[in-house]
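Structure, as structure tokens:
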Amino acid sequence: MDEQARTILQRIIRKIPNKKLETTLRAWDHLSSEQLQSLDYAQPKWLFLENLISRCEENRLSLKDVTKLEMVFHIDNPNQGKWHACQLFQAEDDALSVNFIQFREQFIAHLEEVIRHVSVRTKKLEDGAVWIRIAWGDNFSKPNHLKPTYVVHYLQTPYVFILNLMPKHKSYLYQALVLSTKHVSIKEAHLSSKSLSAIRDILMRQYQQVFPTNQERTLKERNASNPKIEKEHADCAERRHQMACEAFGDGVLPKLETAVYRLETRYRGNSNNTLNDKDELFRGVVKFSSSNLLESFRHCVSAGMAEGPVTPLLSSITQKGRNYFVINDKVTGAASQTPAHKT
Amino acid sequence: MALLTPYRKVPELNTATLLLVENEEQFQSRLADAIVQREKDSTVHVRLARKLPLPVENRETRPHIDLVVFIVNLLSERSLQAMENSLNHLGSDYFLGKLCFVVTDARRGAVTQERLLSVRRLAASHRCPVICAEHQTEDGVTMAAMRLLTILKVSAGLSSMSTTALYLSTLTRCTVPSDFDED
């Protein structure tokens, strides 16, 4: 096994917790059961790695097999970096009939046309997701397996999720995706997060949505609490909660970490005269970050900390499925202000 | 009509009603649970509100309120301001022994000490008691619940002690040492 393979193996083994080592290696399916049983999973990792490398060399495993293990690891633990979402536009008539085999052939063919040395591995999961691992080389050097790009695409949907793509390879990847899925163009969806399932749920609307309704469920029905305790502001609270859920959803929400608003507007304060008169744009960036951003926004609104109705700047995170916004002066005055946050 | 007054409705037999007003709406629900669970001899109802004035829609269904408690979180300036605003909507009859202040987080730094002093001055000027509660442990919540229950039962006339709310408040009212007291 060469140096690259050893490095990749070392990286993977370090990241997997001890309890999951055996199941991951079993899922890899490149070592026999006797070999798996002969390994001691409670050893310190560096010792375990030595034993593992010797087993792999017994089986004459190569870099290709190690990259398969890396892919198995990433599919089980997708949250290893920041995922970015892209959307395909203008599907051609036969775009819906593209199946996995067709897609894979076309994708690999298009990539290999533009870059001579590229290593692609694909896998289709039961939920319809197609995982692609790409190691990039260029026309002169071999593919670099230490910095692979991962792409997840759900066939028959226009959504693609990308991890670890370098800017110089962007155009090649986009072109290959567009041609192999039979669309005309691809654009960035301005949605990124550490959690793949979060951005997938937001774009494909798989969280629990709440729609405006005329029926009012009273708090008394929903919380079966002590009948001797009554809330004076129950109606108010219920209305606020309904508003919050309509904007952000009910139940468990997808885990986003940040929302970034880039302001390219003119300064509109009333106190500072020097800033007011300038014609040039007052550039600023407003960044919200949290361990679960949507949950915090929903709580802010339902607790009355943020005034309702929910400003479209915040609710468009879920409604439009983005968390990076650029606000220009061309829109009406209300939308070009920062979101109202009154304490 | 914006003021809350105690004598609009006839009280029920063997029942006491408590109104907890808190801007953050966090401590009040736990306190309410603790109070309702502790009292076995008579019926205690608790109403939770965020601020005064109370919504007009509930005026008909709202029972006679025996004790009004303002919960102030000393870590937040807004909590103190909200309490002072709500105080303006309380009828003057409540200040004769039917009002109590509960403060939380009284030992957390210098800012809370200043706010505690202003709450105590306010309470002293109205001749009302101030209870310092510890809201993060079960024991603290239970202790605060027990003390509130004692005052509530006197206000509602359910207590075995033969005393009135006004007399009790002269014993429990907050006092603040004068500013000129250097020692």
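The values are calculated or read from the model by the stated rules, or taken from the named source; none is laboratory data. Being a predicted model, the structure only gives us computed values, none of them experimental. Every residue, glycine as well, gets a Cβ built from its backbone with ideal geometry; the counts of neighbours run over all protein chains shown. These area figures cover heavy atoms from the full protein model, side chains too; ligands, DNA and RNA do not enter into them. Shrake-Rupley method; radii C 1.70, N 1.55, O 1.52, S 1.80 Å.
For the reader, a short list of remarks on this structure follows.
- Once the 1.4 Å probe is applied to the protein heavy atoms, chain B comes out at 53 Å² accessible per residue.
- Once the partner protein chains are put back, the stretch A:230-264 shows a loss of at least 40 square angstrom of accessible area, versus the chain by itself, at A:230, A:232, A:233 (probe 1.4 Å, ligands and nucleic acids excluded).
- Dividing the mean sequence gap of close Cα pairs (under 8 Å, 6+ apart) by how many residues the stretch B:18-104 holds gives a relative contact order of 37 percent.
- The convex hull around the C-alpha trace of chain B, projected and averaged over every direction, spans 11.1 square nanometres.
- Protection proxy ranking, highest mean first, for peptides B:132-138, B:29-35: B:29-35, B:132-138, where packing is the per-residue count of other beta-carbon atoms within 10 Å, averaged.
- Spin-label zone in the stretch A:171-187 - amide nitrogen under 18 Å from a point set 7 Å from the Cα of residue A:91 along the C-beta vector: A:177-187
- Listed by chain and number, the lysines whose C-alpha is less than 20 Å from the C-alpha of residue B:9, apart from same-chain residues fewer than 8 away, are A:228, A:231, B:98, B:153.
- Cross-link table A:45/A:147; A:19/A:182; A:142/A:255, entries beyond 32 Å C-alpha to C-alpha: A:19/A:182; A:142/A:255
- Three-way shape label, the stretch A:56-187, alpha-carbon gyration tensor, a/c 1.5: prolate
- Sorted into 5 angstrom bins from 0, the C-alpha pair distances of the stretch A:178-217 split as 5, 15, 15, 15, 19, 12, 9, 5, 3, 2 percent.
- Using C-alpha pairs below 8 Å separated by at least 6 residues, the relative contact order for chain A is 14 percent.
- Each Lys or Arg adds one and each Asp or Glu subtracts one; over the other residues with Cβ under 15 Å from the Cβ of residue A:38, this totals -4.
- Residue B:72 long-range amide H proximity, modeled H, under 5 Å: B:102, B:103, B:104
- Within the accessible surface of the stretch B:1-132, defined with a 1.4 Å probe on protein heavy atoms only, the carbon and sulfur portion equals 49 percent.
- Positive dipole terminus of chain B, leading residue within B:157, B:99, B:132 (C-beta point charges): B:157
- Cα gyration tensor shape for the stretch A:1-78, rounded if a/c is under 1.5, else prolate or oblate: rounded
- Pairwise FRET efficiency - residue A:296 versus residue A:76, Cβ, R0 = 41 Å, nearest 0.05: 0.90
- For chain A, share of DSSP beta bridges that run antiparallel, in % to the nearest 5: 90
- With the simple spin-label model, which puts each label point 7 Å out from Cα in the Cβ direction, the residue A:29 to residue A:264 separation comes to 5.0 nm.
- Pairing chains B and A buries close to 1400 square angstrom of accessible surface in total, based on protein heavy atoms and a 1.4 angstrom probe.
- Average silhouette area of the protein assembly as shown, convex hull of alpha-carbon atoms, in square nanometres: 38.6
- Accessible carbon and sulfur surface of the stretch A:243-328 relative to its total accessible area, %, 1.4 Å: 49
- Accessible solvent surface per residue of the stretch A:15-55, calculated while the other protein chains remain in place, 1.4 angstrom probe, Å²: 60
- Scanning chain B for chymotrypsin sites (Phe, Trp or Tyr not before Pro) that sit in a DSSP loop and have at most 15 other Cβ atoms within 10 Å, the longest stretch containing none of them is B:8-179.
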